[in-house]
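One structure below.
The values are calculated or read from the model by the stated rules, or taken from the named source; none is laboratory data. The structure presented is a predicted model; accordingly, all values stated were derived computationally and were not measured. Cβ coordinates were reconstructed from backbone atoms using ideal geometry, including for glycine residues, and neighbour counts include every protein chain displayed. Protein only, heavy atoms only, side chains kept; ligands, DNA and RNA dropped before computing areas. Shrake-Rupley method; radii C 1.70, N 1.55, O 1.52, S 1.80 Å.
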Amino acid sequence: MDKIKELLNKRTELMNQAETLVAEGKLEEFNAIEAEVKELDNKIEAAKLAQANLQALQDNAKIADLSNLSEKPNEVNELANLKPVNAMTSEKLYENAFAKTIMGQELTQEENNVLLELNNHDTSNSGIFIPQTVLGDIINEMESQNPFLRDVRKLNIQGLVSIPKHTAITAGDAKGYIESEELEVEKNTFVEIQLGGKEVAKYIEVSFKLEAMAVPAFLAYLKDEIVDRLGVELGRQVINGDGGVREMEGVLTAMADVTSQHTSYTTGALSYANVTAAIAKLGSRHAASAKIYASASTIWNGLANMLDGSDRPYFIPDVTASGVGRAFGLVVEADSAIPEGTYIIGNAKGYTMNTNQPVRVESDRDIKARKTGFSAYTVVDGTVTHEKAFSILTPGV
């Protein structure tokens, strides 16, 4: 436990250094510290796992000594009164059953029962559900790496979903009236959009050594692989998906023809007027919840270098809060899926993503090649449901 505390203290020191470096604009030094923090996080997780395994060994139930029972009749009663301890919860049983199934290991009867129960009594023709505990970690890590994906409105409805998409107020918007005038009825323009199902999948292949892993180690490995591969693709699609039969319609694709919500700036010369003009295009109901999303290089090479007349930056770095800082009163988020030079300004809740089928996993074994492969996949769809929730700022010629 002292070792874990020591590692956590070291991490705190590194984070303090990182804040200082960002504030001073020393990005290369910050990148080095960031790499150290990530390496330290891996050590902390390994130490926590070792500590948990040690604790499990120490907590094993005591078994009464059965020797010389004829001389110690009271021990018979003691044995009869013993109750099972550390019994596995259904969640833990399912974790073990899930991992063993993917690794090709034999299941106990109890594990097989819970596996079939939670997968609608059939695992032959479809993949099996990832345990909720593991899935929660996967989603959290996916979203931490893809801020726009994290912030969008999410539904979990099976089948085809119809959603009204608000495009404009054609009459009756708020305005001043005199007493004798009759109030004009508000008329909104809506179009109906349908969210079906686009399968997003990644195939991962490993050697038979996978089967030698302990269950906790395998689950950690699987989580990292899915986050690194499936998460990147989902994060890309909500930004740049082409909206065809295979991909969700990303926010940039959906907004491409909505010219009223676009602002351009001279490449390499982003100005105060450019940014404020873009922010002004947001609908009032969305402005209060808006953020600025851009790639890290776009932020640090563009927005972060904007100065006012007194050479003071409009951008204020802040790695302790949500995002990487604030500018123009808005939180700034770094999202690697956004093209270089492009800023998405808006309320991500104006984009709706529906998960038709949660993440599942299928596996297969190639005995000749001594390989185990597993495919992680989910069925999703998404698009913009409020055009005035977004304003796109892009570089011109």
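If the segment from GLU28 to GLN105 were pulled out straight at 0.36 nm per residue, it would be longer than the present Cα-Cα gap by 23.1 nm.
Against the empirical curve 2.2 N^0.38 Å, the C-alpha radius of gyration of segment 241-397 lands at a ratio of 1.28.
Over segment 239-311, the Kirkwood radius and the radius of gyration, each from Cα atoms, give a ratio Rg/Rh of 1.02.
Using heavy-atom solvent-accessible surface (probe 1.4 Å) with all chains present, what is the largest-first order of SER322, SER295?
Details: SER322 60, SER295 10 Å².
Listed by decreasing accessible area, they come as SER322, SER295.
If packing is taken as the mean number of other Cβ atoms within 10 Å per residue, what is the order of 233-240, 266-273, 110-117, highest first?
Values: 233-240: 21.5, 266-273: 12.0, 110-117: 16.4.
The peptides rank, most packed first, as 233-240, 110-117, 266-273.
Residue-wise HN-Hα couplings along segment 308-314, as the Karplus relation 6.51 cos²θ - 1.76 cosθ + 1.60 with θ = phi - 60° gives them from phi, are 8, x, 9, 6, 9, x, 6 Hz; Gly and Pro carry x. For ARG11, the accessible area of its heavy atoms, probed at 1.4 Å with every protein chain present, is near 70 square angstrom. A 1.4 Å probe, protein heavy atoms only, puts the accessible area of ARG150 near 70 Å².
Between beta-carbons, use under 13 Å as the cut-off and find the net charge around ALA256, counting Lys and Arg +1, Asp and Glu -1. Intermediate results must be reported in sequence, preceding the final value.
Values: positive: none; negative: ASP242, GLU249, ASP257, GLU387.
Net of charged neighbours comes to -4.
Taking 0.36 nm per residue of separation and subtracting the current Cα-Cα distance, fully stretching the chain between MET15 and ASP308 would add 102.6 nm.
For ILE316, ILE4, write out the residues from largest to smallest accessible area, computed with a 1.4 angstrom probe and no ligands counted. It would help to have the intermediate numbers written out before the result.
Values: ILE316 95, ILE4 15 Å².
Listed by decreasing accessible area, they come as ILE316, ILE4.
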